Amino acid sequence: MALDGYEFGLLGPLSGRRGGQVLDLGSPLQRAVLVRLLLGEGRQCGLDHLIDALWEEPPGNAVRSVQTYVYRIRLSLGEERSRLKTTQGGYQLGIPEQAVDALRFERLVRDGEELRAARQTAPALRAFDAALALWSGEPLSGVPGPHARRHRGRFVDLRLNAQVAQLSCADELGDHARVATELISLIADHPLREDLYALRMRALYHAGRTAEALAVYASARETLVAELGMDPGPELRELQTRILSGTEPDVVEPRPEGQLAGTALSFGATAPTGPTAPTASTDTTASAAAPEADPSATTRIEEAPARVRPQQLPPAPGDFVGREGMRERLRLALRPSGEAVALAVLSGIGGVGGRPRSRCVSPTASAATIRTGSSTWTCGATAANPPTPRTFWSTSSSRSACPPPGSPRRPPPAPAPIAA
């Protein structure tokens with residue numbers, strides 16, 4: 001798209017046209033000066049800024065060289081050389097934003113983000129499509145200098161973010177199969193971007209390919225552990241959990257402010273147990289039927305002790321790496337199966353890493369599979385004095401929350417009436 005007869009391409013090999021005629025942009029360093037002026041968006045660019053754009057360590061004739069490049073750029077503009085003005089302390093190039101593809105790209109991306117934030121998915125997708133259609137190769141190809149190098153990396157990041165936003169819009173509009181396919185090459189080029197894995201998992205799940213979605217998570221975890229020595233982040237882990245449970249993966253349950261994922265509610269806190277949990281603001285029928293409630297009912301609710309879900313496992317050591325095969329076998333062995341209790345035993349001589357290894361596995365296994373709580377014990381037992389379950393309980397820091405082994409189970413108390 002040309003405006004006022006000019007069109008400059010930066011999102012690929014540097015090019016310039018005026019009235020359909022190709023402009024001679026000169027030597028590589030002259031091109032670098034032109035790029036610095038174009039990306040200035042009509043603002044004044046100081047002579048020192050142009051020098052810094054070309055060299056990290058300027059030569060002795062840097063000022064004269066830049067002045068020569070500016071003169072040649074002015075000549076290439078022909079009859080409209082007055083667009084490149086000399087100002088006090090610098091230069092100013094009067095080329096409109098719409099004549100520079102890189103500036104149009106950034107404008108379209110901003111427009112797409114605003115439309116997407118306003119939940120106008122189809123117009124946002126069109127904006128991202130138009131932005132990405134401006135690309136023709138590596139940005140600022142062949143342009144030297146630190147300024148071009150910085151903007152080259154910046155444009156590449158902006159393009160990747162625009163691609164992710166474009167595919168997210170397409171997935172929301174139902175084009176799941178195409179989104180999942182196009183993400184294959186993006187993940188191969190950017191294997192450490194967790195948002196790409198998450199988007200592909202959602203697209204595959206929405207396309208009815210649940211097993212492939214879970215395989216994407218396994219591949220992401222394998223890559224992150226091998227490259228960074230760390231598991232996927234909470235967003236990706238939560239997405240896997242939702243897919244395993246059959247919950248819509250796009251819906252994220254809100255958490256109370258300040259509460260982290262996986263933490264238990266404090267004493268006396270209450271939370272709805274399902275979509276039909278009663279709330280004080282919706283049960284208008286009950287209040288109409290019983291205008292005068294028993295004041296003792298509220299007292300019974302407040303005095304009813306909340307069920308404690310102990311979370312007392314020690315944190316995983318941050319400096320323990322390796323033995324990923326053993327860690328994965330332990331996780332698989334600790335998965336619950338019906339009413340059976342999963343048990344894994346680590347044995348070995350002292351100092352081989354048994355305790356750190358169990359600390360690496362236990363927090364993840366507890367958070368993912370154990371809903372009643374978890375604790376840790378140091379029994380200090382010997383062969384001559386073997387421990388018993390009651391011994392374990394008597395030394396546990398969570399015995400106040402868990403009944404001792406062998407205690408008869410009491411039936412749950414009847415629900416107290418809810419005050420209107």
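Things worth noting here:
- Matching entry among LEU50, LEU37 (being in contact with a strand residue (DSSP E or B) (Cβ under 6 Å, 6 or more places away or on another chain) and of a type outside the set (Asp, Glu)): LEU37
- Out of ALA99, ALA118, ALA133, ALA148, one residue alone is under 24 Å from the mean Cα position of the chain (by Cα) and of a type outside the set (Lys, Arg). It is ALA118.
- Number of the condition not met by ALA148 [criteria: (1) open to solvent by less than 40 Å² (accessible area, probe 1.4 Å); (2) farther than 22 Å from GLN98 by Cα]: (2)
- Of the strands (runs of 3 or more DSSP E) lying entirely inside the stretch 1-100, not one carries at least 3 residues that are in contact with a Gly (Cβ under 7 Å, 6 or more places away or on another chain), among the aliphatic types (A, V, I, L, M) and open to solvent by 20 Å² or more (accessible area, probe 1.4 Å).
- When the stretch 133-145 is filtered for residues that are in contact with a helix residue (DSSP H, G or I) (Cβ under 8 Å, 6 or more places away or on another chain) and open to solvent by 20 Å² or more (accessible area, probe 1.4 Å), the ones remaining, listed by number, are LEU134, TRP135, GLU138, GLY142, PRO144.
- Matching residues, the stretch 108-132, being out of contact with any helix residue (DSSP H, G or I) (no Cβ under 8 Å at 6 or more places or on another chain) and open to solvent by less than 30 Å² (accessible area, probe 1.4 Å): none
The values are calculated or read from the model by the stated rules, or taken from the named source; none is laboratory data. Model, not experiment: these values are computed from the prediction. Here Cβ is always computed from backbone atoms with ideal geometry, including for glycine, and neighbour counts include all displayed protein chains. Accessible surface is based on the protein model in full, side chains and every heavy atom, while ligands, DNA and RNA are left aside. Shrake-Rupley method; radii C 1.70, N 1.55, O 1.52, S 1.80 Å.
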